[in-house]
Amino acid sequence: MARPPAPRPDTTPGTAPRTIPRAIWVLGFVSMLMDISSEMIHSLLPVFMVTALGASAFTVGLIDGAGEATALIAKLVSGTWSDRMGRRKPLAVAGYALGALSKPLFALAGSPGMVLGARLIDRVGKGLRGAPRDALVADIAPPEVRGAAFGLRQSLDTVGAFVGPLLALGLMLLWHNDFQAIFWVAIVPGLMAVALLALGVREPEHPPLAASAGRIATEIAPARPPSRLAIPALPAACWWVVALGGVVTLARVSEAFLVLRAQHAGLGLAWTPLVLIAMNLVYALAAYPLGRLADRVAPLRLLALGMGVLVMADLVLAWAPHMGALGAGVLLFGLHMAMTQGVLAAMVAASAPPSLRGTAFGWFNLVSGVAMLVSGGAAGLLWDHWGPASTFLSSAVLALGALAVIGAIRPTQPPDAKPAHTPRPAGRPTPGAGR
């Protein structure tokens with residue numbers, strides 16, 4: 001029989017840990033700074049492409065989908081690589097550095113093609129850091145607070161997604177709609193994020209012990225590289241979560257279309273960042289408490305509620321008669337994001353063996369990335385041919401389909417197998433979708 005794991009410093013045998021480890025807070029602030037940098041650009045990029053570069057909605061959707069898909073697909077490589085290295089932090093630092101250094105390329109872009117190139121480089125950096133960072137969160141956070149840890153990181157990340165557009169809005173008004181000047185400024189918080197991660201996070205020597213799908217893992221020696229057969233060895237519960245992530249992502253339109261919808265409704269050019277400010281304010285406020293809730297209830301129930309909220313958001317955005325109704329739809333969209341993103345990340349961490357968490361997050365993001373690319377292109381085509389309402393109504397239909405899938409598998413499938421009232425073994429010592 002395997003020797004039981006020694007208690008972690010923040011865990012007392014027989015009790016759940018009371019606090020989230022300090023390193024999780026640091027990772028959250030790293031995400032926040034990088035999101036400030038990214039969202040200063042991304043909150044303006046759709047209207048910049050349409051008004052300054054003459055791009056169509058299909059081009060906007062394709063560039064946004066291609067960029068996000070590239071990031072998510074790159075996470076497969078980086079996640080598997082981090083498992084083979086037995087280390088997460090070096091890849092995360094490299095990814096954040098690439099993201100920061102790509103920002104000036106947006107300021108130099110003079111055509112949609114150049115924007116696409118800058119976007120792909122930026123998103124490769126995101127993909128390089130994403131899966132190792134998520135796996136690092138799972139490695140550091142004890143299972144009893146893992147949902148809260150992912151919720152906290154996501155909440156701080158979303159604070160950055162709120163502050164970034166707010167800065168963009170202020171600078172647009174101050175500098176009279178000078179897009180390029182704002183893009184240049186965005187490099188500063190990005191470099192700060194790189195420095196904070198490099199100096200402020202100490203990586204565990206190897207992934208801590210954890211339970212997966214209701215089974216306590218045996219103690220792990222310092223991480224050994226998995227074989228090439230490691231990917232098929234992921235548990236069935238993990239593949240269910242991967243599939244669910246793809247279904248949820250396919251049903252959701254890109255945030256770029258929220259910005260375009262507001263502009264279409266008559267919102268002034270300089271004020272369009274308000275859309276992402278409002279959405280991310282709700283996202284930031286709700287992500288952490290909903291992450292804590294995911295530690296106490298069956299996660300698929302919360303995921304199903306999130307898809308129901310998406311249906312309501314899509315219907316409001318499709319038929320909003322005035323700016324107030326449009327704002328309500330944006331807020332509902334932010335609530336949907338808070339109810340689904342952290343929950344899915346925690347589900348991946350719970351269903352994957354510790355030594356394969358990077359690989360699990362990589363596959364999760366690969367499937368979600370393909371779904372995002374398809375969703376972005378289709379949403380843009382619908383917008384160009386039949387108008388904004390068709391884009392959001394099609395999303396509502398797909399969200400209802402996703403809700404039906406979740407409802408069908410909930411009674412029997414492993415991701416929802418842990419009842420909320422079942423205590424987790426004591427002494428046990430790792431999302432999704434930034435930016």
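The values are calculated or read from the model by the stated rules, or taken from the named source; none is laboratory data. What you are looking at is a predicted structure, and each value in this text was computed from that prediction instead of being measured. Note: ideal-geometry Cβ built from the backbone for every residue, glycine included; neighbour counts use all protein chains shown. These accessible areas exclude ligands, DNA and RNA; they are computed on the full protein's heavy atoms, side chains included. Shrake-Rupley method; radii C 1.70, N 1.55, O 1.52, S 1.80 Å.
Worth a mention:
- Selection count, segment 153-188, where residues are of a type in the set (A, V, I, L, M) and open to solvent by less than 10 Å² (accessible area, probe 1.4 Å): 5
- Of all residues making up segment 35-58, the number that are outside any loop (DSSP other than H, G, I, E, B), open to solvent by less than 40 Å² (accessible area, probe 1.4 Å) and out of contact with any Leu (no Cβ under 9 Å at 6 or more places or on another chain): 5
- Restricting segment 77-93 to residues that are surrounded by fewer than 23 Cβ atoms within 10 Å (Cβ to Cβ) and of a type in the set (A, V, I, L, M, F, W, C), the residue that is nearest to TRP363 (Cα to Cα): VAL77
- Considering the conditions (1) within 19 Å of the chain's Cα centre (by Cα); (2) over 19 Å from GLN154 (Cα atoms), GLY334 is excluded by exactly one of them, (2).
- Residue satisfying all of: in segment 1-34; small (Gly, Ala, Ser) and open to solvent by 40 Å² or more (accessible area, probe 1.4 Å); modelled with the highest pLDDT among these: ALA16
- Close pairs (7 angstrom Cβ cut-off, 6 or more residues apart or separate chains): surrounded by fewer than 19 Cβ atoms within 10 Å (Cβ to Cβ) in segment 306-324, assigned to a helix (DSSP H, G or I) anywhere: GLY308/LEU403; MET312/LEU332; LEU315/ALA396; TRP319/ALA389
- VAL311 being part of a helix (DSSP H, G or I) and more than 26 Å from ILE36 (Cα to Cα): yes
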